[in-house]
Each structure stands twice: as structure tokens, then as C-alpha cells.
Amino acid sequence: MALCRKLSFLFVANLFFTNVCAGNTDYTVSVDSGVARRFDGIGAISGGGATSKLLVNYPLKERAEVLDFLFKPQYGASLHILKVEIGGDAQSSIGTESSHMHDSWDENYQRGYEWWIMKEAKKRNPDIILAGLPWAFPGWLGYAWWPYENISRTADYVVRWIEGAAKVHNLTIDIIGIWNEKPYDVGYVKVLRKTLDARGFKNVQIIAADQIGIDSWDVVDVLKKDKEFNAAVSMIGGHYPGTYTTDEAKKFGKPLWSSEDYSTRNDERGAGCMARILNQNYVNGLMTSTIAWNLLDSYYNDTWYNGHGLMTANQPWSGHYKVSSPIWTTAHTTQFTQVGWHYLPHGHGVGTLKFGGSYVSLVSPDRKQLNIIIETMDTTTADFCVNEPQQPSKVLPQNITFHLNGTLGKIQTLQLWYSHLGLHKEESVYFKHLGEIKVTNGVVSLPLTVNSVYTLTTLKTGHKGSVLGRQPSPRSFPPIYKDNFDSYAAYEEAANFAQQVGVFEIRPAEGSKSHNHVAGGNVLRQVLLYAPIHWCPTLMVQPFALIGDYKWHDMSVTVDVRVGHVNATDGVFVAARVNNSGCTAFLAKGIYFFLLFDIQQWQVSYDLARTEVISHGDYHLSHDQWYKIALKVKGNFTAVRVDGKTVFNKEVPVRNKNGFAAIGTDTLGLADFDNFVLTA
């Protein structure tokens, strides 16, 4: 007891401690017996469901600040790896990301925002590793559920994305994956490797096979039996492994990566999850890289997984963002350890603590610099990583003593950085520099509190980034929002429209001009013509995009619509109180108004699929003609005007009280939208 209390105030008055101490334990840290596996970096995923959608149209100052906290070295999360979704024109958990090839003849590298994010990451850290992975594929590559119908064609499609990154955006892609959490095809991987090599991308590494849980490592058995497949794959990646691999995977020799992990809200629990997996993925599973899903919560509240991400920036209209605690528990590793460092062997700097928690030690390539990262997450009191199976692990306050042996024994001082998660009403501390600790004859002692992270390092380069001045206050979505789409470049996505199904792109206006539609202006066009190869378990074929605030009850939505003759959709709709998104977007209820060109009708429906039609009527509709739709819902009343004439104005019993506004089409096919106005 006395020893715990004495050590707790040895070098800092702020170090939290309890009145109960489990005791003191000694651990050896030595490089003399050699090093273990190479450290491959810590990263995060932009995409896997349009997760960075709202960041693009942030005010420039705040946008730059957010990017700094993610990518700038010695500042915030200081990520080593950025992994992005290769858009496949399909819903992939929160939204749809556009493909660079909607069809075999359609190749465009201006679509989407992942190019921009990769370039911004490279500006801040030229050494950042860039990785790409498809969640879905455009439908022309194969059947609705299978991209391997023609493996050469699919390999060419992926390699074209890598070529586009290089030629159009001057980006070098370092790693490419197969298909997110879906079956892999050995023949496809071999052809992908050959195609990469033939097109000048021998340095692009392939990771396989991005499966979920302990099954991730079954690919080892296939790699063992197939020399060509083995030669094609550089590292083995698994998703949400729960910090464990298999003995066969560990013995196999290829680097093991947790290529998607975390998936937890960016609160104290999420911070604890990051601290735990960044250490224990190596301690338990010898995984040398961990990549978090996702990089940033930059999508609407009340959609799937809102609040996830390392931090939050989902209010471009206000500029407000939140630097969340996972940024700082990540910084305990990333600000001091770089790709190419090495872990020390288990028992010589890596292991579990006697009274709960874990520690890892890493040394620089010249073996002169040392980092020791310690975490004490008590999983009996908090469920840190919500998407992973965890064995309850009790952690007690404890004292530890490190014996730095051999050449490391020459170290005379270490810098101490500290974070504590206030899960039980105590104060939180994030990435605080507690000063310098003397190392006496190779010995350094440290008191540990529960649910804390510590970094002991020879480096003096750590820095907790901050922003001068007041940050913008949070605000709700603007009560009056207008967009005529004329301020965008062709092929961009419109700000704040979150596409759930289908692809909505800015295109130059065509056809008849009416309703203040300016000649030479732009429209927002739904361009998807046939179903993609889906990632979600359900095939969705009614395109729509959300906008607004889920909490809104009463609202008015006005928009001009046009359906042409060629590759046209059967109809268009405007909606209010839309209450679903993501992989269950097809179940969305609300108040929908349809103009149906194929049957020459208007319809008011409770649902997207029109299985609950409230009312309908005949209406003469002409292709290439613009129509102005105005939908207003207030309380139990719904009113609709088309070209200024009322077609529906009745009491409609409320099914769901609130939701987003939306625009969309009844089927896949082309349709134009313009002069959008949303009022709450």
C-alpha cells in the first residue's frame, strides 16, 4: 500500500490513483536477444459506407483543422495508413460511393471524395501508406452478387483505379484488397497480381482476404497449398479478430494485419477500444498493423453508425467538429512509433501485466530509440470494442518496474505521456505530457491506474495539437436550404445530399428549360442504369438521396424534375420524414410523392416500394419536360402541388413523426433534379 501511494506522487501530482494497489511487478525490456516483427503502422478507413461525405464542404479553415488532427505528424492521431473504399455504386453501410467506371465505356476519376482525402493526407504526411479496397462493384462486371464472372475484366477495373490515382491525381497506391468481407477467388487474386505487374505496379502489395473474426486466418491453409497464390499475397488481413489470430497464421511468416477494427463510438469507450487493440492485437495475435473503421464520423446523425469514427465532423453548415478521445489514445502509439520500427520479443518488452492490461515495446531501426506503450483497460467494467468478442479482463491498480537491459540500459531518461478515461465520474485526461522520468541503472518504475494509457519514450517530439481561437458552435441543419447545383464542377456530388441507393452526380443541363432553369447551368442527375454487385445483404434498386435533419417533423420540399427519353427511370419522387438509411434503406417509411411516367400517374405513399399507397390519380406526363413538385407535410396534413396546381391536400395519419427529406427515382435510370428548396 505504501509503495503504491509513494510511487503515485513520485513525478506528478495529477496522476490518478486509488487507495487499493495490487502490488509491484518487474518486467524486462531488452533488445540484446534481437527484435521481433516489423511494425507496419496504424491507420483508418475513409469509406466503407460514405463515411467522409460531409467533410468535403466544410469551411476551409475548419476542414484543414480536422485533417490536421487526423494526418499531421506529431499533432493528433498522426496516422500512418489511409485506407479508402474503391466506390462500387452500391450502398456499403451508411451511403453509396461512386465508381470510377459506371460502365465499361465510362471512365472518370473526378467522382467521389476519396481522391481528395488521399491528397490531403499526403500533403500532411508524404510517407502515409495508401490502401484501397472494394466493398461493391458496378453491375457490368458480373452478376448482382458475384464480381468474378470474368476475373480478367474485374482485375482490369481495379488496376484502372490504381492507374487513375497515379495519372490523374499523382497518388501512389501501396496496397490493394480483394473484396470487403466477401468470398475471395484464388484465380482472381493471381490474375490481379499478373495485371498489376504487367501494367507497371509491381510495388503494389495485395492483402487477403479481409474476412471477419477468427475465420480471417483460414486463408493460410489455401496459401500453403498454392505457391502462385502465396507469391501473389503480401500480407494477411482480418476484420475484428478480437485481438487473436491462429497458431498456423503466426507460424506462416507473412505479416498479419487487423485490416478493419474498432467500429466503436468515439467516446471514452471508443478511446479504450483503440488503446486495447493497438496493444493487444500484437500481444495476443502478432498483428503488426491495425486499421480502424472509420476515420471520421462525417455523415448525418441518426443514420447507421452515427458517432463512430476517430472523431466527428458532421456539421459543414456550422463548421463545428469534435476532437474525440480515440484521437489521443491512438497518438500514444502513432506519434512516437513509425513504420519500420520493430517490436521486441515477448518476455523482453511485450506481454500482459500480472494484474491486468498489456504492454508493448518497440525500437527504431538503429535500436537507439525506445517506446513502451501500456494500457490498463478493465473489460469487466466497460465493453470497449462493441463489435468484437472479449473475454472479461479484470485490471487492478498496480506498480510496475521495467528493467532496461543490455544496450537499452544506457538510457538515462524517458518522456512520459498519459491518458485516463473518466468512465466512472472521475476526470478524464487526454495525452498529457507528464515530463521526464529518470532511469536509474536501467530501472524505471511507474504506478498504473485502471483504464489508462501510458507512453514511455526516448523521443521528445510528441505534441498535443490544438487550435487557437473559438471553435464554431454546433447548430442544427439550416431551416431554409437551397441548391440550384450551378456552383459545382461536373461529376461532383452535391453538398449535403447523402446518396443511399443509386448515384447522383452534377451534370450539365439538357433538354427543355423551365421553372427558372438557367441555360448552361447544372442539374443533379441520377445516373445509375442497372443494379451493382452489392455489399449489403439486400439488393436495392430504388435510388434516393437524403438531406436535412432526422428530427424534423414538419417540412416543405420543392424541386424541379425531368425525365428524358433515353435510359430513363419509370418515375421520380420527393419525400419527407424518411426514417431509414444504410443497408436497410429499402425499408424507409415516410411521406412519398411519385410522378410515374410509365403509368401516367401521381401517387402518395407511406413507403419507398409503394406497397402502402395513400392516394393516386391520373396525370399526363411528358418526357423531356420539367415539372416543379412542392411537397408540404405539417402535422397530419400533406399537400402536394405540381407546377403550382394542387393535386393532393388531405389529412394523412402519421406513421412516423420525423425523418429526413429525400429525392429519388422509382427505378434505376436517368432523371434530373434542379432548384431544390428545403424549408423546416
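One residue stands out among those in the range 263-297 that are out of contact with any Gly (no Cβ under 7 Å at 6 or more places or on another chain) and in a loop (DSSP other than H, G, I, E, B): the one that is farthest from Leu55 (Cα to Cα), which is Leu286.
The condition of being crowded, with 18+ Cβ neighbours inside 10 Å and not assigned by TED's automatic domain parsing to the domain that holds Thr376 holds for only one of Gln499, Gln398, Gln415, that being Gln499. When the residues of the range 591-618 are filtered to those that are of a type in the set (Asp, Glu) and over 37 Å from the mean Cα position of the chain (by Cα), the one that is surrounded by the fewest Cβ atoms within 10 Å (Cβ to Cβ) is Asp618. Within the range 364-378, if we keep just the residues that are in a loop (DSSP other than H, G, I, E, B) and touching a residue at least 60 places away in the same chain (Cβ under 8 Å), the residue that is nearest to His308 (Cα to Cα) turns out to be Met377. Return the residues of the range 198-218 that are over 22 Å from Ala292 (Cβ atoms) and surrounded by 14 or more Cβ atoms within 10 Å (Cβ to Cβ); say none if nothing qualifies. Listed by number, the residues that qualify are Arg199, Phe201, Val204, Asp218. Looking only at the range 313-323, residues that are buried (at least 23 other Cβ atoms within 10 Å of the Cβ) and either basic (Lys, Arg) or part of a loop (DSSP other than H, G, I, E, B) (or both) come to 1 in all.
Is there a residue being assigned to a loop (DSSP other than H, G, I, E, B), under 20 Å from Phe660 (Cβ atoms) and more than 24 Å from the chain's Cα centre (by Cα) anywhere in the range 619-626? Within the range 619-626 (the criterion being assigned to a loop (DSSP other than H, G, I, E, B), under 20 Å from Phe660 (Cβ atoms) and more than 24 Å from the chain's Cα centre (by Cα)), the answer is no, since none of the residues qualifies. Total residues in the range 115-140 satisfying the condition of being more than 25 Å from Cys536 (Cα to Cα) and part of a loop (DSSP other than H, G, I, E, B): the figure is 4. The lone criterion from (1) modelled with pLDDT under 95; (2) more than 24 Å from Thr245 (Cβ to Cβ) left unmet by Arg367 is number (1).
With the structure loaded, tell me whether Leu621 is modelled with pLDDT of 95 or more and in contact with a helix residue (DSSP H, G or I) (Cβ under 8 Å, 6 or more places away or on another chain) or whether it fails that test. Taking the combined requirement at face value, the residue does not satisfy it.
Just one residue in the set Ser234, Ser258, Ser263 is closer than 29 Å to Cys273 by Cα, more than 22 Å from the chain's Cα centre (by Cα) and not aromatic (Phe, Trp, Tyr); that residue is Ser234. Candidates in the range 408-427 are the residues that are under 25 Å from Thr352 (Cβ atoms) and hydroxyl-bearing (Ser, Thr, Tyr); of these, the one that is nearest to the chain's Cα centre (by Cα) is Ser419. Considering only the range 177-197, state which residues are under 22 Å from the mean Cα position of the chain (by Cα), free of Cβ contacts under 8 Å to residues at least 60 places away in the same chain and crowded, with 23+ Cβ neighbours inside 10 Å. Of everything in the range 177-197, those that are under 22 Å from the mean Cα position of the chain (by Cα), free of Cβ contacts under 8 Å to residues at least 60 places away in the same chain and crowded, with 23+ Cβ neighbours inside 10 Å turn out to be Ile178, Trp179. For the residues Leu295, Leu278, Leu256, Leu310, the requirement of being without any contact (Cβ under 8 Å) to a residue 60 or more places away in the chain and either buried (at least 24 other Cβ atoms within 10 Å of the Cβ) or in the same structural domain as Leu546 (by TED's automatic domain parsing) (or both) singles out Leu256.
When Leu370, Leu396 are screened for being of a type in the set (A, V, I, L, M, F, W, C) and in contact with a strand residue (DSSP E or B) (Cβ under 7 Å, 6 or more places away or on another chain), only Leu370 passes.
Each residue in the range 222-245 was checked for being more than 30 Å from Gly351 (Cα to Cα) and either of a type outside the set (Asp, Glu) or touching a His at 6+ places or on another chain (Cβ under 8 Å) (or both), and 7 pass.
The residues on offer are Gly617, Gly635, and the sole one that is touching a residue at least 12 places away in the same chain (Cβ under 8 Å) and at positive phi is Gly635.
Listed here are the residues, each with its yes/no results for (1) touching a strand residue (DSSP E or B) at 6+ places or on another chain (Cβ under 8 Å); (2) not in a loop (DSSP other than H, G, I, E, B).
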{"position": "Ile207", "(1), (2)": "yes, yes"}
{"position": "Gln211", "(1), (2)": "yes, yes"}
{"position": "Val222", "(1), (2)": "no, yes"}
{"position": "Glu228", "(1), (2)": "no, yes"}
{"position": "Gly238", "(1), (2)": "yes, yes"}
{"position": "Tyr244", "(1), (2)": "no, no"}
{"position": "Ala249", "(1), (2)": "yes, yes"}
{"position": "Ser258", "(1), (2)": "yes, yes"}
{"position": "Asp261", "(1), (2)": "yes, yes"}
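Go through Lys632, Lys628 for me and flag whichever is charged (D, E, K, R) and within 20 Å of Asp549 (Cβ to Cβ). Among Lys632, Lys628, only Lys632 is charged (D, E, K, R) and within 20 Å of Asp549 (Cβ to Cβ). Taking the condition among the basic types (Lys, Arg), surrounded by fewer than 24 Cβ atoms within 10 Å (Cβ to Cβ) and not assigned by TED's automatic domain parsing to the domain that holds Tyr488, does Lys61 pass? For Lys61, the condition - among the basic types (Lys, Arg), surrounded by fewer than 24 Cβ atoms within 10 Å (Cβ to Cβ) and not assigned by TED's automatic domain parsing to the domain that holds Tyr488 - is met.
So is Ala661 buried (at least 21 other Cβ atoms within 10 Å of the Cβ) and closer than 30 Å to Gly48 by Cα or not? Here the answer is yes, as Ala661 does meet what is asked. A single entry from Thr51, Thr25 fulfils the requirement of being at pLDDT 95 or above and either touching a Lys or Arg at 6+ places or on another chain (Cβ under 7 Å) or outside the structural domain of Glu107 (by TED's automatic domain parsing) (or both): Thr25. Only one of the listed residues (Gly87, Gly132, Gly49, Gly41) is in contact (Cβ under 8 Å) with a residue 40 or more places away in the chain, of a type outside the set (A, V, I, L, M, F, W, C), touching a strand residue (DSSP E or B) at 6+ places or on another chain (Cβ under 7 Å) and closer than 23 Å to Tyr530 by Cβ. That residue is Gly87. Based on this model, can you work out whether Lys432 counts as of a type in the set (Lys, Arg), in contact (Cβ under 8 Å) with a residue 24 or more places away in the chain and part of a loop (DSSP other than H, G, I, E, B)? Against the criterion (of a type in the set (Lys, Arg), in contact (Cβ under 8 Å) with a residue 24 or more places away in the chain and part of a loop (DSSP other than H, G, I, E, B)), Lys432 does not qualify.
The values are calculated or read from the model by the stated rules, or taken from the named source; none is laboratory data. Since this is a predicted model, take the numbers as computed values, not measurements. Heads up, the Cβs are rebuilt from the backbone with ideal geometry, glycines too, and the neighbour counts pull from every protein chain shown.
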